[in-house]
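The values are calculated or read from the model by the stated rules, or taken from the named source; none is laboratory data. Computed from a prediction, not measured in an experiment: that's the story for all the values here. Cβ atoms come from the backbone with ideal geometry, glycine included; neighbour counts cover every protein chain shown.
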Amino acid sequence: MKVAKWLGLGLSISFFIANFAFAQSQAEELRPKRTVLQKSDVGSTGREVTLQIVEFPAGAVEVPHTHPGELVGYVLEGSADLMVEGKPMASLKEGDGFIIEGGKVHAAKNTAKGSTKLLATVILEKGKPTSAPAK
């Protein structure tokens with residue numbers, strides 16, 4: 001009887017680990033992919049600019065986060081809902097632009113049937129991390 005209990009416990013743990021790994025891989029597949037196109041100093045201002053493409057697969061949702069500087073964005077294709085701290089939810093579609101003030105918590109969710117691509121430019125103090133999870 002003890003062997004059956006241990007075997008059952010072992011199978012339960014194996015099942016849990018397998019499901020956790022599957023859920024984690026699915027979550028990683030749904031994360032937006034960022035491709036840096038250019039990163040350079042902004043003259044002698046002590047600031048730098050990062051230009052990137054952000055691709056959201058179908059169903060992707062960003063983790064709420066902040067940037068220590070401004071983010072200027074443009075929807076290249078698809079559509080997304082954008083939540084920005086202190087503002088009403090914005091529904092964005094191809095051709096729409098947006099600006100997010102530095103330090104504001106924000107997150108986007110892909111609302112298109114397929115992928116959504118954004119062109120994002122982040123301008124921040126040189127040496128600062130590009131983004132940080134919201135607290």
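Do we have any residue at all in the range 97-104 that's in a strand (DSSP E or B), surrounded by fewer than 20 Cβ atoms within 10 Å (Cβ to Cβ) and free of Cβ contacts under 8 Å to residues at least 24 places away in the same chain?
Of the range 97-104, the ones in a strand (DSSP E or B) are 97-100.
Then drop every residue that is not surrounded by fewer than 20 Cβ atoms within 10 Å (Cβ to Cβ), which leaves 97-99.
Still in the running and free of Cβ contacts under 8 Å to residues at least 24 places away in the same chain: none.
No, the range 97-104 contains no residue that is in a strand (DSSP E or B), surrounded by fewer than 20 Cβ atoms within 10 Å (Cβ to Cβ) and free of Cβ contacts under 8 Å to residues at least 24 places away in the same chain.
Does any residue in the range 78-96 that is assigned by TED's automatic domain parsing to the domain that holds residue 114 come within less than 6 Å, Cβ to Cβ, of a residue that is among the acidic types (Asp, Glu) and surrounded by fewer than 18 Cβ atoms within 10 Å (Cβ to Cβ) six or more places away or on a different chain, and which pairs are these?
Filtered contacts from the range 78-96: 89/81; 91/81; 94/77.
May I ask you to say which residue of 58, 90, 27 is within 19 Å of residue 111 (Cβ to Cβ), modelled with pLDDT under 60, aliphatic (A, V, I, L, M) and within 18 Å of the chain's Cα centre (by Cα)? Before the answer, list the steps.
Values: 58 fails: modelled with pLDDT under 60; 90 fails: modelled with pLDDT under 60.
After ruling out the rest, the residue left standing is 27.
Out of all the residues in the range 107-122, is one or more farther than 13 Å from residue 73 by Cα, assigned to a loop (DSSP other than H, G, I, E, B) and at pLDDT below 90?
no
For the range 123-135, how many residues meet the condition of being under 20 Å from residue 30 (Cα atoms) and either among the hydroxyl-bearing types (Ser, Thr, Tyr) or in a strand (DSSP E or B) (or both)?
First, the residues of the range 123-135 that are under 20 Å from residue 30 (Cα atoms): 131-134.
Of the ones still in play, those that are also either among the hydroxyl-bearing types (Ser, Thr, Tyr) or in a strand (DSSP E or B) (or both) are 131-133.
Summing the residues that are under 20 Å from residue 30 (Cα atoms) and either among the hydroxyl-bearing types (Ser, Thr, Tyr) or in a strand (DSSP E or B) (or both) in the range 123-135 gives 3.
Looking only at the range 123-135, filter to residues that are surrounded by fewer than 15 Cβ atoms within 10 Å (Cβ to Cβ) and more than 13 Å from the chain's Cα centre (by Cα); which one of those is modelled with the lowest pLDDT?
To start, the set of residues in the range 123-135 that are surrounded by fewer than 15 Cβ atoms within 10 Å (Cβ to Cβ) comprises 125-127, 129, 132-135.
Next, from what is left, pick out any that are more than 13 Å from the chain's Cα centre (by Cα): 125-127, 129, 135.
Details: 125: 89, 126: 88, 127: 84, 129: 74, 135: 79.
Once the filter is applied, the top-ranked residue is 129.
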